[in-house]
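K.L.:
What follows is a single structure, and I will ask about it in a moment.
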Amino acid sequence: MYIVDRSLRFIRGALLSYGPSFLKKSVWDQEYSTSKWNFNDNTRDDFVYPYLEKWARKGSVLDLGCGSGNTSNELADSAYTSYLGVDISDVALARARRRTEQSGRTSKNKFVQGELLSYIPPQRFDVILFRESMYHVPLGKVKAVLDHYANYLTPEGVIIVRMSKTENSKPKWRPTAMFRVIEMEFDVIEQGECRVGFGGTVIVFRAKKPSQRKPS
C-alpha cells in the first residue's frame, strides 16, 4: 500500500510540474472541489506572515499559486495596500473570492486565473510570494522562472519562497535543490526555519546586482 501511495504521489507531482496546463487545471479544480485542501482555511500561525508583513511595507503583494485565499485574508490588513492572487484553478479562485467578501477586503484583494510558469504580471510588486507553489516548478526551470518574476519587482522589492525541505524529519531532495539554486543564483537577504506548527523554510531574496555576478 505504501508503494502504491508513493507511486501515485510521484505521478501527481510529475503531472503538476511537467503536464500541460489543461491537465494541471483539471487536477486542481477536482481537488479544490473536495475537502482535500480545507486545512488551508486556517493557517494564521504560519511563520511566513512576519516576513510578508516586514517586506510588503504596506505596499503590493503578488501571490503565485494563491489557492483558496488564505494568505490574502490572514495577512494583517495593515501590512499591505493591494494584493493580486494568481492560481490555475477556477474553483480555488471562487473560494478565495468568497472568503475575501466575508473578510471585507474586496477593495484590496483581486484574483486572476493564470499558469505559474507563464503568467505575465500587470505591474511591479513589493513582494512576490511563492507559498508552497515552488514545488510545482520543474527543477531545471527554477532560475528562469525566478528571473522572469524578478523583472516585476519594485526597486526594493523581494521574492519570498516558503517550502518544507523535510518530511517526517527526512530531507526532501527537490526542495533542498531548489533552495540551493536560489542561494547560488540570487541575492539572499534573509531566511529562517520553523520546526513547529506547519514547519518549513522561508527565504527572502532578489536578483543580484551586476557587481555581484560572476563573469561568464
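Just so it is clear, none of the values below were taken in a lab; they were calculated from the coordinates. Because the structure is predicted, anything quoted here is derived from the model rather than measured.
K.L.:
Relative contact order for the chain: what percent, with Cα pairs under 8 Å and sequence separation of 6 or more?
P.N.:
17 percent
K.L.:
Tell me, what are the semi-axes, in whole angstrom and largest first, of the equivalent ellipsoid of the chain as set by the roots of 5 times the Cα gyration tensor eigenvalues? Before the final figure, lay out the partial values.
P.N.:
Values: eigenvalues 118, 107, 60 Å².
Semi-axis lengths for the chain are 24, 23, 17 Å.
K.L.:
Quick one: which residues, 5 or more positions from residue 33 or on another chain, have an amide H under 5 Å from its amide H? H modelled 1.01 Å from N in the peptide plane, none for Pro or chain starts.
P.N.:
Here the answer is none, since no amide H 5 or more places off falls under 5 Å of that of residue 33.
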